[in-house]
Amino acid sequence: SLFALTIGIDEYKSSTIDALCGAVADAKAVKRYLEESLGVPTSQMVTLYNAEATRNTIVQSIRALKTDPRIQKDDPILIFYAGHGGTIPAPSGWDAGSDEIQILISYDTGCKNKGRTVCGIPDRTLNFLLHQLSKEKGNNITVIFDCCHAGSLTRNDRSLTSVPPKFLTTGLSSHVLLAACGQNEKAKENPIKNRGEFTMALLNTLMSVGADQVTYKDLIQRLPILPDQNPQCEGHHQDDVLFRSKVPSHRCQLYAVRVEDGEYILEAGSVHGITKGSMFDIYPNRDSVVNKTPLTRLTASEAPNPFSTVLSGDGSNIGIEAFALQTGAGAEEDLFIHVALDSRLESVFRALAAEIKENKTGQRQIRIVEEDQIATTHLDVASENGKIVFNILDSHVTVHGLKRMPFQLDCRADDIRLVIRAAAHYYWHLHRTGETKSLRNVVKIEFMRLKDNDEEGDDEGQDDEERDYGCSPDGPDLIQEGVVDIVVDDDAIYGMKLTNTFGEPLYASVFYFDNSDLSIMSYFQPPTAKGRVDPPLLPYQSLTLGYGAGGGLPFTYSLRDGQDIDVGFIKVFLSTEQVDLSVVPQKSPFSKDYPRGVDISEKPRGLWETILITVVQR
C-alpha cells in the first residue's frame, strides 16, 4: 500500500522570492491521481501547501515516514515537490564537487526564526533523510521534483526552471528520482492552465499506460517532447516497474535506428559492446517488440564507431522512427573456457554444446580451448566429489591469489548453462576497452575509507549548514598502482571521488565486478532522460560516490565463508557522449533469483575509455 508526501508552494513568506502559480495545483493533481487512479486512502497521504510547507515541517514530515508503524518494509513511498530551488555557497567541509550546494526553498526560507535566518533544505540533507528512510523502510521510494532553477529565486516568462543539479544525486540506491528537466533548463508552466508542463505530461502518460505497466526509465522516455526541457530519471532501480507494483518483465536493451543519407544508423557503437557481425531485429516502436514480428533484420557488417554503427540489409520498410533489438552477437569470442576430457563432465559438454548451438538473442560467443591454450582462458570447469567446480584462470585475478569460485553445482546442464552464459557476459564487459587512452589521463580517481558522521548522533536541532551529514573521507587515497588492498573489517566503509581535469564535460559509469560469483553491481550510472542527459563530470569538478553531495551508499566489502582472499574490479567507463550501459549489471548465476532468461544487450563520433581498479580483500 502506497504512502505519499506531496508538497506544493506558490506563495513564499519572504518578499524577495517571487510567487509561483502552478505548484500547488500540481501537488493537488498528484494527490488526486493517487486517490482516483491508484486507490490510495487519504489517510496515507500528507499534503503541505504554501505556509504549511516550512523547512521544519518538510523535514519532520520525511522523518515521520521513517517512524510510521503502518509503513512496512518495501512498501512504496512517494515524495512530490513543486516549488522553488536555489543555490548557496557550500559550507566548509562539505564535499560538494563544486563551490555551491543546491537547496529546496521552503515557505520560510530567508526569514528569521528564533533569531536565525532559515536556510532551505540542502541536497546533502535531503540525501541523508532519504538514506535514513530507506534503511528503515526499504528503497521502494520515488521522488518527483518539478522545481525551479538552481541559480535564481525568481521566475522568468511564467516558467519554473531546472531541478537543482545535485539533486540528481549519483549512485542512487535509496530511491528513484524523476525530475522536470536537466541543468540550465527551464521547466515551464502552462500559462493557460497554470500547471507545470512536466507534471501534466507525467500524469497524462501514467493514466494512459498505467503505473503497473511501465518502468521508471520507460515512463520518462514515453513523455511527449517538452520544448527546451529534458526530463531526467536517476537511480539504481529505474528499470523497476513504478512503485514495484509487480516484478518487471525481463529487460531488453533497445537502440534507436535512424535513416541518414540512405544508410541505417544504429545509435549504439563499440562503447555499448556492439561488434562487427552483430545482428538486430528492427521494430517500428518500443511496444511492438513484445509478441510482434520485426520489420526486418539488419547486420553490423563493418566495425562500429564509438557511439554509432552502420547497419546493412533490406531496410526499405523502416519509417522515420525505429528501434533495434540485438538478436545475435558479433564474430569475436567473448568467453574462453577449458573443460577436461572427463566422463564425469558429460553434463558440462551437453550444456556447452546447447549454448553454442542455440546462440541467439544477443548471447556472447563461447570458445572451448585445448590444454595448450590455457594461458588465454578465463575459466576451467572441473569435477570434484561429484560436484562441478569453476577454477579461475584469468591472470588479472590469479596474480592476487584468487583461483577458484567459492560455489559448487550439481551436474545439471541447465544450471551449468546459466553460469556459462553469465560468465560470457561478465568477461566480455570486464575486458573490453576503448581504442584511445586519452580520457584516462584527464580523470583523477581516488578511493578512500570513510567515517560515518551520523553515528555521532541524530541531532535534529542542529543547523544543516553546521552539521556534517552522512559520510566523509577518513584517510588517504588507497589506490596504489591501480590496486586497492584492504583488510576486511565489518565496520569499514569506503567511497570514491572522480575529478575531471579536462576542459570538457564527461560522462561516467562505474561498476563493481565480483570474480567470486560473476555478479556485476552498478556503483553509478548517469540518469535517463527524454532527450539530452546532463553530464555528471563537469569540467574541473568532482563526482563523489558513497559520500558528499554525490549521494549513494558507501561501499562495503566482506569475505564469504571459507574465503581468506577475494578479488574484484571497479571499472569506470568514460565517454564524451552519453551512453546507456544499464545492460551491464547482472546478478550472480549462483543466486536463487538469477533470471532464467537472457539479457540482451547517441551521436557524433566521440571518445570513450575505461579504467580498471583492482580491489583485493584479505
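The values are calculated or read from the model by the stated rules, or taken from the named source; none is laboratory data. Please read these numbers as outputs of a predicted model, since none were measured by experiment. In this analysis, Cβ positions are derived from the backbone assuming ideal geometry, glycine residues included, and neighbour counts consider all displayed protein chains.
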With farther than 19 Å from Asp240 by Cβ, in the same structural domain as Pro69 (by TED's automatic domain parsing) and in a strand (DSSP E or B) as the only criterion, which of Asp146, Asp108 stands out? Asp146
Take the stretch 174-205 and flag every residue that is more than 20 Å from Asp218 (Cα to Cα) and either surrounded by fewer than 24 Cβ atoms within 10 Å (Cβ to Cβ) or outside the structural domain of Ala19 (by TED's automatic domain parsing) (or both). Gln183, Asn184, Glu185, Lys186, Lys188, Asn190, Pro191, Ile192, Lys193, Asn194, Arg195
Tally of residues being in contact with a helix residue (DSSP H, G or I) (Cβ under 9 Å, 6 or more places away or on another chain) and assigned to a loop (DSSP other than H, G, I, E, B) across the stretch 493-516: 3
Hey, does the stretch 313-322 have a residue that's surrounded by 15 or more Cβ atoms within 10 Å (Cβ to Cβ), within 30 Å of Tyr507 (Cα to Cα), of a type outside the set (Asp, Glu) and modelled with pLDDT of 90 or more? yes
Can you tell me which residue in the stretch 63-75 is surrounded by the most Cβ atoms within 10 Å (Cβ to Cβ), limited to those that are closer than 23 Å to Ala179 by Cα and touching a strand residue (DSSP E or B) at 6+ places or on another chain (Cβ under 7 Å)? Leu65
Filtered residue count, the stretch 450-491, keeping only those that are among the polar types (S, T, N, Q) and at pLDDT 85 or above: 2
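Is there a residue in the stretch 360-367 that is assigned to a strand (DSSP E or B), in the same structural domain as Tyr426 (by TED's automatic domain parsing) and modelled with pLDDT of 85 or more? Break it down stepwise before answering.
Here is the first cut: in the stretch 360-367, the residues assigned to a strand (DSSP E or B) are 365-367.
Now narrow it down to the ones that are in the same structural domain as Tyr426 (by TED's automatic domain parsing): 365-367.
Keeping just the survivors that are modelled with pLDDT of 85 or more gives none.
The answer is no; no qualifying residue exists.
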So, in the stretch 576-600, of the ones that are over 16 Å from the mean Cα position of the chain (by Cα) and of a type in the set (Ser, Thr, Tyr), which residue ends up modelled with the lowest pLDDT? Tyr594
So Gln232 clears everything in (1) in the same structural domain as Asp146 (by TED's automatic domain parsing); (2) modelled with pLDDT under 85; (3) not aromatic (Phe, Trp, Tyr) except one condition, right? Which one? (2)
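Looking for something of a type in the set (A, V, I, L, M, F, W, C), under 10 Å from Phe323 (Cβ atoms) and either outside any strand (DSSP E or B) or not assigned by TED's automatic domain parsing to the domain that holds Asn317 (or both) - is there at least one such residue anywhere in the stretch 278-291?
Start the filter on the stretch 278-291 by keeping residues that are of a type in the set (A, V, I, L, M, F, W, C), which leaves 279-280, 282, 289-290.
Filter once more, keeping what is under 10 Å from Phe323 (Cβ atoms): 280, 282, 289.
Subset that is either outside any strand (DSSP E or B) or not assigned by TED's automatic domain parsing to the domain that holds Asn317 (or both): 289.
The answer is yes; a qualifying residue exists.
Give the residues of the stretch 227-238 that are surrounded by fewer than 22 Cβ atoms within 10 Å (Cβ to Cβ) and either under 15 Å from the mean Cα position of the chain (by Cα) or closer than 26 Å to Leu130 by Cβ (or both), sorted by residue number.
From the stretch 227-238, those surrounded by fewer than 22 Cβ atoms within 10 Å (Cβ to Cβ) are 227-228, 237-238; that's our starting set.
His237, Gln238, listed by residue number.
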